[in-house]
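Colleague: Dumping the structure here so I can ask a few things about it.
The values are calculated or read from the model by the stated rules, or taken from the named source; none is laboratory data. Everything numeric here is computed off the predicted structure, so don't read it as measured data. For accessibility, only protein heavy atoms count, side chains too; no ligands or nucleic acids. Shrake-Rupley method; radii C 1.70, N 1.55, O 1.52, S 1.80 Å.
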Amino acid sequence: LFALCLLLHLIVVNCIATTNRTEVFRQVGKLASLSSGILINCQNRIIQSRILQLIQQKAAGIDIQPFEEHAYEFGGCEYLLVAGRGGGLRLLLGLPQLEGSFQQQVLGPDVMEAVAAAFRGVATVSQPSTAPAAAAAAEGDQQQQAQQQQGRYQVALDVDLALLCRLSGGQREGWSRSLASLRLLLAGHPLRQVFRALEAGSLSAGPPVVCCNTPGQVYIIRPVSPDCVALVFPLRFTSRQDCAIGVACMQEFVEARRGASLGRAPSCNYLVREVPRELAGVDLSSLLGSAGGGSGGGHSGGYLVFSLTRRHVAGPQMEGVVWSLATLHQFIAYHVKATKAMMHSRMRRRVAAMTDLLGAATPLAGATAAAAAG
């Protein structure tokens with residue numbers, strides 16, 4: 001059974017590695033399309049439900065006991081919800097460490113001003129090092145905890161539960177969702193600034209800007225004209241098999257855009273080998289690398305290019321577009337893993353079917369041999 005599984009795995013790997021990959025890509029693309037449409041939510045549902053629960057407890061007059069609760073997300077992001085003895089509630093967010101210029105893109109002074117403006121009246125921005133301890137502890141333990149939080153978390157919000165209790169059910173739902181989407185305000189800030197200028201008609205053509213909100217996963221914003229902006233996503237995969245599946249997924253992604261039902265979607269182009277013209281004069285060798293693990297090295301998966309106009313970002317749909325593009329690398333990685341899992345499941349079912357067939361054939365072969373001997 002193990003040898004049969006290994007043989008099937010080698011057949012699939014060798015088929016993907018062949019020069020003529022058209023048929024293999026078509027089959028892999030069909031597998032990838034079965035899980036299409038699955039998007040990553042911008043809000044952390046654990047944090048959102050917990051905040052709603054605390055609002056309800058506060059409104060009902062139930063004392064909130066001190067606690068600390070952690071919630072982890074993809075890309076090294078961590079939420080921390082802290083309730084102190086006085087009934088105060090603080091929400092902290094920790095992002096992975098980025099290089100200097102990229103760190104300023106998601107945690108710069110203008111980003112903090114935008115966060116403070118978004119939650120004005122409901123929560124205030126403060127230093128993460130002042131987070132209270134959830135349980136009774138010595139003063140030295142509190143100071144040590146504050147130092148640890150200062151290194152792990154970059155943003156802290158003091159939430160006004162008393163104010164949220166006086167709001168309607170719909171407003172509570174909306175604010176809890178906004179608080180649980182704090183990462184969206186930070187990671188999507190560079191895109192949001194460009195899209196707002198595009199919506200207002202004040203965008204001017206300029207040089208490309210390299211952005212990054214997760215280590216090793218960069219994208220480039222290129223303002224083309226006052227009515228159009230191009231986004232380029234260099235794709236990297238850790239293995240040759242992931243690269244082959246990723247290329248197939250991206251080809252199906254571009255093909256789907258050509259359908260009549262998606263005629264108003266942003267134009268999409270996928271270049272497997274050549275560098276897009278939007279990256280003329282941009283050197284990404286130091287960021288992408290040529291070897292090593294992670295999304296910043298390994299095997300090149302080409303370039304995915306989007307062209308967005310004003311109608312694609314106008315109105316309330318902007319935040320959804322910002323989040324989808326800011327997490328595009330994670331979206332692709334998810335579908336590559338889902339496709340591999342589906343392929344492995346089908347291989348296991350095929351092996352099980354073959355094993356059952358061989359098991360059913362063994363008694364018949366034994367009976368035939370006995371009859372021949374008699």
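Colleague: Kindly report the accessible area of region 319-359 per residue (heavy atoms of protein chains, probe 1.4 Å, no ligands, DNA or RNA), in Å².
Modeller: For region 319-359, the solvent-accessible area averages 54 Å² per residue.
Colleague: Heavy atoms only, probe 1.4 Å: what % of the accessible area of region 220-335 goes to carbon and sulfur, would you let me know?
Modeller: The value for region 220-335 is 54 percent carbon and sulfur by accessible area.
Colleague: Moving to a separate point now. Please work out the Cα center distance from region 212-247 to region 41-60, rounded to the nearest Å.
Modeller: Here the two parts' Cα centres lie 34 Å apart.
Colleague: Assuming 0.36 nm per residue, please report the length gained on full extension of the stretch Arg277 to His344 beyond their Cα-Cα distance.
Modeller: Once the chain is fully extended between Arg277 and His344, it gains 20.3 nm.
Colleague: Could you calculate the contour length gain from Gln103 to Arg258, that is, 0.36 nm times the residue separation minus the distance between their Cα atoms, to one decimal place in nm?
Modeller: 52.1 nm
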